[in-house]
Amino acid sequence: MDVEESIECISTSDDSLLSSQLSSTQTQPYYFNNKSSNGVHPTTSVHQLLECPVCNHSMYPPIHQCHNGHTLCSTCKTRVHNRCPTCRQELGDIRCLALEKVAESLELPCKYCSLGCPEIFFYFSKLKHEAICNFRPYNCPYAGSECSVVGDIPQLVTHLKEDHKVDMHTGCTFNHRYVKSNPREVENATWMLTDHRVNCRDSTVPGIAYFDKVFNCFGQYFCLHFEAFQLGMAPVYMAFLRYMGDDEDARNYSYSLEVGGNGRKLTWEGTPRSIRDSHKKVRDSHDGLIIQRNMAVFFSGGDRKELKLRVTGRIWKEQQNQESGVCIPINCS
């Protein structure tokens, strides 16, 4: 393809820019830190050319264009009902091969560079990295509803406290009681932390009651989640812990949960899941302490008309002994 065909893909005002950029790509790729003589980053302008005018996201092949040279991504081509969003001309099946060639040689920073990611990627590798980038914001871990808030850990801790009214506690041990007047239902239960009593809230999903607490332990934050939900024909009760951070750091910690009564006890021990995994994903994988209704009633004792579960737990940090290679649990002081 010659330069004349390449110029057809963009508006007239960008012809000279793309012509010079295309000639340079024959010998070397674009780098984000390259500068032209006037101090402008060449990739900044090229990156703008690769933005879809409809969704404002980066365009990936196939990149489409109208007869006047206006471009858009393949996803938005169907959204605009085959009409160019710029000049309203009917779109055919014309590919903008020039921009696709530019994309193949372009290197760009991760879109989370402002949050600390230092990585530079070829255009086609960028999306794959950004989906798993450790610097990407976290989703709100609140379990009661679909919350769209994202941010770093300090921002989410404040958000949970002020907007969702989640209880905040300091320490690495906890002692809870779950009280339910009718063990055949899951809504409207009471969840108690030592001498504090709080009603379990019904979530946006019918037949589910839940409660969340956040613990500050070892200078990190952990979300303790308790949920009563219907599994098959009978309710079950589940508790699990999530770490407010990434999986790699979550593996440095362990926790245990214990429930019992009438001389019996049920214990769960594991590694907290990262809040990168939603509470629903953890719940559906059954990765936590699960108490069947019959067992819960047995632990409660009495005449089977009231449910009283006492759940205790502990968080500790695993530190590897450099001489023996054995992990040594460290309790919170």
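One table, with the values for the structure above:
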quantity: Globularity index of region 117-168, i.e. its alpha-carbon radius of gyration over 2.2 N^0.38 Å; calculated: 1.47
quantity: Charge tally in the Cβ shell below 15 Å around Glu269, where Lys, Arg are +1 and Asp, Glu are -1, Glu269 excluded; calculated: +2
quantity: Set Lys161/Lys280; Lys128/Lys161; Lys281/Lys308; Lys213/Lys308; Lys265/Lys308; Lys180/Lys265 screened for pairs whose C-alpha atoms are more than 23 Å apart; calculated: Lys128/Lys161; Lys281/Lys308
quantity: Cβ-defined net charge surrounding His57, 14 Å radius [Lys, Arg +1; Asp, Glu -1]; calculated: +2
quantity: Gain on full stretching of the segment that runs from Asn56 to Ser285 - 0.36 nm per residue minus C-alpha separation; calculated: 78.8 nm
quantity: Accessible surface, 1.4 Å probe, highest first, among residues His47, His159; calculated: His47, His159
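The values are calculated or read from the model by the stated rules, or taken from the named source; none is laboratory data. Predicted model only: the values in this text are computed from it and were never measured. So basically every Cβ, Gly included, is an ideal-geometry build from the backbone, and we count neighbours across all protein chains shown. Accessible surface is based on the protein model in full, side chains and every heavy atom, while ligands, DNA and RNA are left aside. Shrake-Rupley method; radii C 1.70, N 1.55, O 1.52, S 1.80 Å.
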